[in-house]
Amino acid sequence: MAPASFHPSFSDASTLLSVAAPYVALGALLLSVVAIILLLIIYRRLTRLALGNSGSLEETITILSRDMKDVKTFRVELEKYLKTAETRLRSSLQGLGVVRFNPFSGDGSGGNQSFAIAFLDERHSGVVFSTLYARDRVGVYAKPIENGNSTFELSAEERNAIEKAKLSIVQGKRHVA
């Protein structure tokens, strides 16, 4: 065998190219169709992403940035408002306790028309009112309460009303939580 038989000739290469060319062209056509489809999908997604009149991504980013600043400002204002509301709620009426009693047990006058009522906030501060009812007169008394205690002497009924008010605060927190 001659050394030239090991190397393909130009005629063999042109034959090989003429056979492979349609397949290469078909592959290139399929690749370009896939690329066009992907380009259309990306274009559609980008147009949906774009906001504003011009539909550009730069304008979309500007709009979203401005909206984010507005949201941050709103959040700061909302936090201030909620802190104020929380402070107001802590000092509002949270607990109520009522005790009815007869201050004149024994002589029959008055009945159970007398009462002690305590109004407390979350810190157990507020006021306790007492009324002493008799047939010929009614006495009304008010005593300030700070942290569940008063600087004035409290009757057993007033202390009981304060304890009921504290209990209603605790029960109210259980219902909320």
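The values are calculated or read from the model by the stated rules, or taken from the named source; none is laboratory data. Note that this is a predicted model, so its numbers are computed, not measured. Cβ atoms come from the backbone with ideal geometry, glycine included; neighbour counts cover every protein chain shown.
Selection of the stretch 133-147 for residues being at pLDDT 90 or above and surrounded by 14 or more Cβ atoms within 10 Å (Cβ to Cβ) yields K143, I145. Any idea how many residues of the stretch 112-127 are closer than 24 Å to T87 by Cβ and in a strand (DSSP E or B)? Qualifying residue count, the stretch 112-127: 5.
Which members of the stretch 37-93 meet the condition of being of a type in the set (G, A, S) and over 28 Å from the mean Cα position of the chain (by Cα)? Result: A50, G52, S54, G55, S56.
Taking first residues from the stretch 98-114 that are more than 10 Å from A134 (Cα to Cα) and charged (D, E, K, R) and partners that are at pLDDT 75 or above and assigned to a loop (DSSP other than H, G, I, E, B), the Cβ contacts under 6 Å between residues at least 6 apart in sequence or on separate chains come to R100/N112.
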